[in-house]
């Protein structure tokens, strides 16, 4: 699964996710990637999210919207909200994976509870970083 | 606002012991290319939606990631693709699921959002919509990669589904080289690549 979240100069957030699903899946199984609010979510008032991992858990946890809701209703930062969902809620459920998150101020979070996650960011001044391992 | 772009390419058991230097370099190269592509869009005043679409397309076109060209196989030996996009300004969203012939699903997901009154389309209907919208369609064989095919064979033997980047340990340096072989599925001549991946998280 691949995904991207972005903030443009007009202050608008967007999120996108694309996947080939799960090896050996059957019966037209659909994961979280195309489910708005689970694997993908964007709201200028809070954040943009794209997730990757064991989709069934991400659907049941409504991961994308949950991060946004924690920011909207509880006033959490994007980092705290993303960590709350990925490192606590999902772990308690047994869901493995991670997400990328970005708020309107350019703050980013890339939490994951698996052994690794391909990830990276680039900021306004062009500084970038690509990360793979924990 | 401070233009910013963040990407992911999947999660799983990605550890240094499972990675060869060549493989890591290949992953980093595509991830950097994706970042630079999206950044260029934002830098010239493009929208966040344009940046997201352009960035995801780079990763869809790479066989390294479980999306687009690198998609994994279903139990029946098909590549079924899903994608979605959402606009934070308007809360509009678009998604497609279970498609097999759309080269870049992220672009069709965006068309669903921008050019239809719907949020999600699936299967043949989504493909018909993509065709009507002038999206690039490909033969399903386009999505065939040997590493993913072998991943399915392994999963079939083990009778279980697999998640994205759960990788087998790297081959030792003195391991014998694999010979070219003919795919039983497509008849294509296959070369073992340096990107020997095992299980893939969906």
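Descriptive notes on the structure:
- Condition check for residue A:18: under 24 Å from residue A:104 (Cα atoms) and either touching a strand residue (DSSP E or B) at 6+ places or on another chain (Cβ under 6 Å) or crowded, with 23+ Cβ neighbours inside 10 Å (or both): yes
- Restricted to segment B:77-100, and to residues there that are under 22 Å from residue B:152 (Cβ atoms) and at the interface with chain A (Cβ under 7 Å from one of its Cβ atoms), the residue that is surrounded by the most Cβ atoms within 10 Å (Cβ to Cβ) is B:83.
- Scanning segment B:49-68 for residues that are in contact (Cβ under 8 Å) with a residue 24 or more places away in the chain and either more than 23 Å from residue B:144 (Cα to Cα) or in a helix (DSSP H, G or I) (or both) yields B:49, B:51, B:52, B:53, B:55, B:56, B:57, B:58, B:59, B:60, B:68.
- If only residues of segment A:112-132 that are touching a strand residue (DSSP E or B) at 6+ places or on another chain (Cβ under 8 Å) and more than 7 Å from chain B (Cβ to nearest Cβ) are counted, the one that is nearest to residue A:51 (Cα to Cα) is A:113.
- Which numbered condition residue B:14 fails, given (1) part of a loop (DSSP other than H, G, I, E, B); (2) farther than 13 Å from residue A:122 by Cα; (3) free of Cβ contacts under 8 Å to residues at least 60 places away in the same chain: (3)
- Some residue of segment B:140-156 being in contact with a strand residue (DSSP E or B) (Cβ under 7 Å, 6 or more places away or on another chain), closer than 28 Å to residue B:6 by Cβ, buried (at least 20 other Cβ atoms within 10 Å of the Cβ) and at the interface with chain A (Cβ under 8 Å from one of its Cβ atoms): yes
- Of the helices (runs of 4 or more DSSP H) lying entirely inside segment A:23-120, those containing at least 1 residues that are surrounded by fewer than 19 Cβ atoms within 10 Å (Cβ to Cβ) and free of Cβ contacts under 8 Å to residues at least 24 places away in the same chain span A:63-74, A:78-83, A:90-93.
- The lone criterion from (1) more than 21 Å from residue B:31 (Cβ to Cβ); (2) facing another protein chain (nearest Cβ under 9 Å); (3) in contact with a helix residue (DSSP H, G or I) (Cβ under 9 Å, 6 or more places away or on another chain) left unmet by residue A:27 is number (3).
- Only helices (runs of 4 or more DSSP H) whose full extent lies in segment B:74-166 are considered here, and the ones with at least 2 residues that are over 22 Å from residue A:13 (Cβ atoms) and either at pLDDT below 95 or under 16 Å from the mean Cα position of the chain (by Cα) (or both) are B:146-158.
- Here residue B:15 meets each of (1) surrounded by fewer than 24 Cβ atoms within 10 Å (Cβ to Cβ); (2) closer than 25 Å to residue B:137 by Cβ; (3) facing chain A (nearest Cβ under 7 Å) with one exception, condition (2).
- Residue selected from segment A:121-133 under the condition out of contact with any helix residue (DSSP H, G or I) (no Cβ under 8 Å at 6 or more places or on another chain) and in a strand (DSSP E or B), by the criterion surrounded by the fewest Cβ atoms within 10 Å (Cβ to Cβ): A:129
The values are calculated or read from the model by the stated rules, or taken from the named source; none is laboratory data. Every value quoted in this text rests on a predicted model; they were computed, and no experiment measured them. Positions of Cβ are backbone-derived with ideal geometry, glycine not excepted, and every protein chain shown enters the neighbour counts.
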